[in-house]
Amino acid sequence: QVQLVESGGGLVQAGGSLRLSCYASGSIFSINAVGWYRQAPGKQRELVAGTTSSGSTNYLDSVKGRFTISRDNTKNTVYLQMNSLKREDTAVYYCVVGKSWFRPDSWGQGTQVTVSS
C-alpha cells in the first residue's frame, strides 16, 4: 500500500494562496485516481478535488476557479494549488489515491490549513 505524506499547510490570510504537496512512497504512475479531501471541525469530510491518469478532473463547486489539482508522476507527488483562500476553506486536508476518488485505497495523515480574516 502506498504511504502518503502531505505538506504545505499553514496559516494564511484570506485572499492568500497555499500549495499543498502529497508525496507518495511508491509510484503513482499506475494509480488511476488521486485527490484531496478536507474536513472542517464539526463537518463531514468532503472531496475537494480529484484527477485521474487520463486527465479528468473533479472539483467541489465552492473551490472551482480557485483550486487546481495536479500530479507529477515522475516525482510521485500530487499538488493542490489554492488561491483566493476564504475562511471557509479552513480544514484539515487529506491526500488520497486509489482506483476511485470516492473509494480511495490510501489516505495521508492530513495537513492543517487555517485561513484568517
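The values are calculated or read from the model by the stated rules, or taken from the named source; none is laboratory data. Remember, it's a predicted structure, so these values are computed and weren't measured experimentally. Because the Cβ atoms are built from the backbone with ideal geometry, glycine has one as well, and the counts that use them run over all protein chains shown. The area values use the complete protein model at the heavy-atom level, side chains included, leaving out ligands, DNA and RNA. Shrake-Rupley method; radii C 1.70, N 1.55, O 1.52, S 1.80 Å.
Among the residues of the range 80-117, write down those that are more than 25 Å from Pro41 (Cβ to Cβ) and open to solvent by less than 60 Å² (accessible area, probe 1.4 Å).
Val97, Gly98, Ser100
Out of the residues in the range 27-46 that are open to solvent by less than 20 Å² (accessible area, probe 1.4 Å) and more than 19 Å from Val115 (Cβ to Cβ), which is modelled with the lowest pLDDT?
Ile28
For residues that are farther than 14 Å from Val78 by Cα and in a loop (DSSP other than H, G, I, E, B), scanning just the range 21-54, find the one that is nearest to the chain's Cα centre (by Cα).
Selected residue: Arg45.
Given the criteria part of a strand (DSSP E or B) and touching a residue at least 60 places away in the same chain (Cβ under 8 Å), does Leu11 qualify?
yes
Please work out if Leu18 is farther than 15 Å from Ser106 by Cβ and either within 16 Å of the chain's Cα centre (by Cα) or surrounded by 15 or more Cβ atoms within 10 Å (Cβ to Cβ) (or both).
Taking the combined requirement at face value, the residue satisfies it.
Going by the conditions given, is Gly16 within 12 Å of Val78 (Cβ to Cβ), out of contact with any Cys (no Cβ under 8 Å at 6 or more places or on another chain) and among the small types (Gly, Ala, Ser)?
No, not satisfied.
Can we say Thr51 is surrounded by 18 or more Cβ atoms within 10 Å (Cβ to Cβ) and more than 12 Å from Ser106 (Cα to Cα)?
Taking the combined requirement at face value, the residue satisfies it.
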